[in-house]
1. Using only Cα atoms, tell me the angle between helix 149-161 and the longest principal axis of the chain; keep it within 0 to 90° and round to the nearest 10.
2. Report the FRET efficiency, 1/(1 + (r/R0)^6), for Ala40 and Tyr130, where r is their Cβ-Cβ distance and R0 is 22 Å, rounded to 0.05.
3. What is the helix-to-structure angle for 186-198, meaning the angle in degrees between its Cα long axis and the longest Cα principal axis of the chain, kept from 0 to 90 and rounded to the nearest 10?
4. Ignoring ligands, DNA and RNA, how do Glu33, Glu67, Glu12 rank by accessible area with a 1.4 Å probe, largest first?
5. Could you tell me what a quarter of the Cα convex hull surface of the chain works out to, in nm² with one decimal place?
6. Mean residue ellipticity at 222 nm from the helices of the chain, using -39,500 (n - 2.57) per DSSP H segment of n ≥ 4 over the full residue count, to the nearest 500 deg cm²/dmol?
7. Listed here are the pairs Lys52/Lys186; Lys30/Lys68; Lys8/Lys106; which of them are more than 29 Å apart at the Cα?
8. With every protein chain present, what is the per residue accessible area of segment 140-202 (1.4 Å probe, Å²)?
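The values are calculated or read from the model by the stated rules, or taken from the named source; none is laboratory data. Keep in mind the model is a prediction, meaning the values are calculated, not measured. Reconstructed Cβ throughout: ideal geometry from the backbone, glycine too, with neighbour counts over all protein chains shown. Heads up: the accessible areas ignore ligands, DNA and RNA and are worked out on the full protein's heavy atoms, side chains in. Shrake-Rupley method; radii C 1.70, N 1.55, O 1.52, S 1.80 Å.
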Amino acid sequence: MHHLTMSKYYFEHDFTEFEEFITSYPAHHKYYEKGDIISAQSETLKYGYYIKQGIMKLSIGHECGKEKIAALFGPGSFFPLGIDHHYYDMEYAMVEQAYTEVEAYKFDYRIVRTMFLEHQDLALRMMEHYCDFTSYLFFEIASLSGDNSMAKVCNVLYALHNTSLCRSHVLHISQDDVMELSGISKIQVARVYQTLRGEHIIQTSRGKIQILDQDKLRSYCTYEL
C-alpha cells in the first residue's frame, strides 16, 4: 500500500534501529559544542556522521556571503551518506555545523560502503532516506520558486511542529533560523509573524514559537503539507 510522506526540514530516527550495527564499525567518537563547524566550506565530503545525540545543521553558503539552512538532522540520523571519496563542486559550498551540542560517530565513506554491502535492510533504508531527502529538495525548489512569504514561513513552522523540536506545542527555534530555512528576509519573516500573531495562530518569545492553532497554520501552507 502506498502512503504519503510529508516533506520535512528535520530528519531524525531514520537509522535508530540499526545503531548497534552501525556503531560496531570503526569510527571516531566525536563531541561538538553548539556552533562548532563539523565540515566547512571548501572541504570535500569524505565522512558520514551517525548522530547519537543532538542536532546537526546543513547549510549552503553563497559567494555573496548569504547562507541558507538546507536541513536539520537529529538523533538517529546518518548524514551525509556516501560510499566512496568523491569530488562535487556543490559540496564546496556546504557547511555542517552543530546546531546544539552533538555526540556523533564519524565514519570514512569506505566504511559506510562496507556497511551498505553487508546489511541489506540498512542499504534499503539508506536508499529510502536518499529518496526522502531528494523529494524534500524538490519540494524546496518548488516552494522557493513559487510560494509567497506567508506560505514559506508556515511551511517551516508546520513541518517542524511535528518533530521533537516542538514540545507541548512550543517550537524551540529562533527567528533567524526560520529566516534561513524559509529563504526569505528577516523583515519578511517579522511581517508574517505579525500577521500570525494577530490571527492568534502563534505566540512568539525569544527563541520560541508557541503554536496556538495548528489547523489554521496548515491552511496557509502549500498543498504538499
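1. On a 0 to 90 degree scale, this one is about 60.
2. Numbers: r = 24 Å, r/R0 = 1.08.
It comes to 0.40.
3. Helix 186-198 sits roughly 60 degrees off the main axis of the chain.
4. Working: Glu33 110, Glu67 80, Glu12 40 Å².
Largest to smallest exposure gives the sequence Glu33, Glu67, Glu12.
5. Numbers: hull surface 52.2 nm².
Answer in nm², one decimal: 13.0.
6. Details: 7 runs with 81 residues, N = 225.
For the chain, the value works out to -11000 deg cm²/dmol.
7. Working: Lys52/Lys186 32 Å; Lys30/Lys68 25 Å; Lys8/Lys106 24 Å.
Result: Lys52/Lys186 exceed 29 Å.
8. Values: 2740 Å² over 63 residues.
Per residue, segment 140-202 has 44 Å² of solvent-accessible surface.
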